[in-house]
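The values are calculated or read from the model by the stated rules, or taken from the named source; none is laboratory data. From a predicted model like this one, the values you see are computed outputs, not experimental measurements. Neighbour counts are summed over all protein chains in view; Cβ atoms, including those assigned to glycine, are modelled from backbone coordinates with ideal geometry.
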Amino acid sequence: MPSDPDPSKAVTWLRPKEISPDAVFIEGTTGTTDICQGQLGDCWLLAALSCLTLHPPLFAQVVPSNQSLNEPYAGIYHFRFWQYGEWVEVVVDDRLPVRGGRLLFSYSRTRHEFWSALVEKAYAKLIGSYSSLKGGNISEGMEDFMGGIAITLPVSSRTPRVLWRSLSAALSQGTLVSCFIQAPSWHEIGKVNSQGLVMGHAYAITNSNKVQQELEEVSLFRLRNPWGFVEYSGPWSDKCEDWKTVDSAEKKRIKLIKAEDGEFWINVEDFSTLFDTVELCSVNPVSLVEGHDVPSSAWTISSHHGSWVSGCSAGGSRRYRRSFWKNPQFRLILSERDEDVDDDDEDDDEIGDDDDIEEEEEAGTGVETPERQVNQKQKVRRTQCTVLVEVLQKNRRKRNKIHFLYIAFHIYRIPPELQDDPTPLGQSFFSSNRPVARSGKYQALRGIRRKVHLDPGHYVILASSFRPNQPGDFYLRIFAKTGNHLGDQDFTCSSDLLMAVQSKPVIQKDHNKLQKLFDQEAGADNRLDAMEFMKLVNSVLDKDYQLPLDTCRQLILAEATEGRSRLTLQQTERLLSMLRSLQSIFLQFDEDSSGTMNPFELSLALEAAGLKCDSEVVQVLWERAGSGELHLPFYRFISCVARLRVLFALYESESSTEVKERGIHAWLLKFLVV
């Protein structure tokens, strides 16, 4: 943090007792008014923390009990946060940033309670720094505080009556609920509108209730502004005359407090008009689905950690047809149909995607009533499986930089003839098939998620960034109402190089030239060493495809030379024939005629040469042969083939049971880096 030339504005780091003599860790019980936002744009985090205080078991998981500021204490506190499938413990000291005698960032309304400031510090340490907390989505904080899965609900997707019923049910089941108003432009973010609401600002929804007003029953939500001040000024706000028409017993029942504490009530009709988005987070999707009580045991979760690696598995969107298929692929098997259908379940399956090609729609032959459409949709869904898919980008707030990639996921149905094939689906499959479900437009958010309805069957999920060659790590989660299986099918790397490129005889033109050159270059033992072989090969191959000495040595080492590292005429002919075949393959997959090959093209070329390797092996191979570049010349392609040829041969000759149990995949990864 830069220093201020004005000494009165300098930031110092003080311990709680140095800030307030009456400092306590938690005063009595925790509540939503314990948290006030300081001079840091982390309302998204503090709104989620406000929601957490309403659920003591969840709160205790993040803020372990038996911590205090009473003597004796060591000035060390520990907290727990969920990070991509596991709970991470974070330890911090109790020194906090102070300016002018007051906490610079999060503080308590009573000024002498410090748990919220210490939680904020621990979370800042977890993700990198305080500055990394500036700006975010409420769902990030809610998921990291409870390990649940979040969904985003447009307020306009529900009538006020249905919205109140849905959110009330979610709150009663321990779901964290928040909301915000979309600012028309970034200039409007943080501005207070005529109703006293902050634009582009996160609010926690802390309760719902109904009160009797004369002969009318009014449905209300209770909201909290993390600032700890600036409240809604419309109907049913703290200063509104409407409360005078409500019986005092009713006001006592809902615990009405009229104070400038950032907390206020609003009726559901005005809420639906003024707010744009609601975000909910639950440990299980049970309370994210309206309609029926579904036991948590009816849901199963599968998860996987994945990576987008430049040139290998960062294939970009469907617009990049030649590389899209290289994105990480995850198989999903759905075997059972839903037992019930939710009446209010929104349709998330028909949302457009900005990388789709526009297509003409067939003209309708009749008009269906909305009631008939709903009945038909529910009839179809009784034969389907409900699945909630989420992709979270990992560690994009590190090192004081917040840089989320634009990401999305697509789901394809796998036809029966490909279901037993463990190899990743190729370019031709994705070029000729359309996704059956998707997350929607590519978005620069930490997490994207969508609930979809799929027929029982086999599927593949592809997670991708919008542009290719953008590196990043991600975490994929699948929640399904009924049985499912997620994961990479076992893919065994294999070699069929002999059949693909080594079994072809040398062409007559090369044979005649080779015979003459071999007689000229061969030594007394009628064999060629590496230097002689290089001269011979480079006199036959075109200038752009000539080989350096090191590559020639690699090719010779792959041959059975009886320890001499020298080639016979027959071996030389076989290698030249192989080089001609590999040259043709190189030309075939060098589609831009650049004379080089990118990692996506390398994977296809290796497969054409009979060497099938998964993305992890190709990634390691590229790191070794590509030397960090994104373009591979012909001679390095030959080096890759020679290296793999030797390793496959050594594995086949290996007699160790332990080696065979580990498999060819582990073998290749171990020795490719040597």
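Of the numbered criteria (1) part of a loop (DSSP other than H, G, I, E, B); (2) more than 30 Å from the chain's Cα centre (by Cα); (3) touching a residue at least 60 places away in the same chain (Cβ under 8 Å), the one residue 28 fails is (3).
Summed over the stretch 225-270, residues that are in contact (Cβ under 8 Å) with a residue 12 or more places away in the chain, of a type in the set (A, V, I, L, M) and more than 30 Å from residue 41 (Cα to Cα) total 2.
Out of 145, 114, one residue alone is over 18 Å from the mean Cα position of the chain (by Cα), among the aromatic types (Phe, Trp, Tyr) and buried (at least 17 other Cβ atoms within 10 Å of the Cβ). It is 114. State which residue pairs qualify: first residue closer than 16 Å to residue 164 by Cα and inside the stretch 195-217, second residue hydroxyl-bearing (Ser, Thr, Tyr) in any location, beta carbons under 7 Å apart, and separation of 6 or more residues or different chains. What qualifies is 204/32; 204/50; 204/178; 205/178; 206/32; 206/50; 208/168; 210/219. Against the test of being assigned to a loop (DSSP other than H, G, I, E, B) and either in the same structural domain as residue 568 (by TED's automatic domain parsing) or farther than 24 Å from residue 649 by Cα (or both), the options 555, 536, 547 yield a single qualifying residue, 547. If you check residue 186 against the conditions, is it among the aromatic types (Phe, Trp, Tyr) and either on the phi > 0 side of the Ramachandran plot or out of contact with any strand residue (DSSP E or B) (no Cβ under 9 Å at 6 or more places or on another chain) (or both)? Spelling it out, residue 186 is indeed among the aromatic types (Phe, Trp, Tyr) and either on the phi > 0 side of the Ramachandran plot or out of contact with any strand residue (DSSP E or B) (no Cβ under 9 Å at 6 or more places or on another chain) (or both). Within the stretch 585-613, restricting attention to residues that are touching a Phe, Trp or Tyr at 6+ places or on another chain (Cβ under 8 Å) and crowded, with 19+ Cβ neighbours inside 10 Å, the residue that is nearest to residue 313 (Cα to Cα) is 599. Within the stretch 509-541, the set of residues being without any contact (Cβ under 8 Å) to a residue 12 or more places away in the chain and under 30 Å from residue 672 (Cα atoms) comprises 532, 538.
Per-residue answers, yes or no, for (1) more than 29 Å from residue 134 (Cβ to Cβ); (2) of a type in the set (Lys, Arg); (3) assigned to a loop (DSSP other than H, G, I, E, B):
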position: 204; (1), (2), (3): no, no, no
position: 232; (1), (2), (3): no, no, yes
position: 238; (1), (2), (3): yes, no, yes
position: 243; (1), (2), (3): yes, no, no
position: 252; (1), (2), (3): yes, yes, no
position: 278; (1), (2), (3): no, no, no
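Within the stretch 38-61, restricting attention to residues that are over 20 Å from residue 109 (Cβ atoms) and among the aliphatic types (A, V, I, L, M), the residue that is surrounded by the most Cβ atoms within 10 Å (Cβ to Cβ) is 58.
For (1) in a helix (DSSP H, G or I); (2) more than 29 Å from residue 325 (Cα to Cα); (3) not acidic (Asp, Glu), each residue gets a yes or a no:
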position: 559; (1), (2), (3): no, yes, no
position: 570; (1), (2), (3): yes, yes, yes
position: 575; (1), (2), (3): yes, yes, yes
position: 580; (1), (2), (3): yes, no, yes
position: 583; (1), (2), (3): yes, no, yes
position: 592; (1), (2), (3): no, no, no
position: 617; (1), (2), (3): yes, no, yes
position: 624; (1), (2), (3): yes, no, yes
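Residue 630 passes every criterion in (1) in a helix (DSSP H, G or I); (2) surrounded by fewer than 16 Cβ atoms within 10 Å (Cβ to Cβ) apart from (1).
Scanning the stretch 637-646 for any residue that is over 27 Å from residue 469 (Cβ atoms) and either at pLDDT below 85 or assigned to a helix (DSSP H, G or I) (or both) turns up at least one such residue. When restricted to residues that are part of a helix (DSSP H, G or I) and either more than 22 Å from the chain's Cα centre (by Cα) or surrounded by fewer than 13 Cβ atoms within 10 Å (Cβ to Cβ) (or both), the stretch 390-445 contains 8.
Exactly one residue out of 35, 76, 19 is out of contact with any helix residue (DSSP H, G or I) (no Cβ under 9 Å at 6 or more places or on another chain), crowded, with 18+ Cβ neighbours inside 10 Å and not aromatic (Phe, Trp, Tyr): that is 19.
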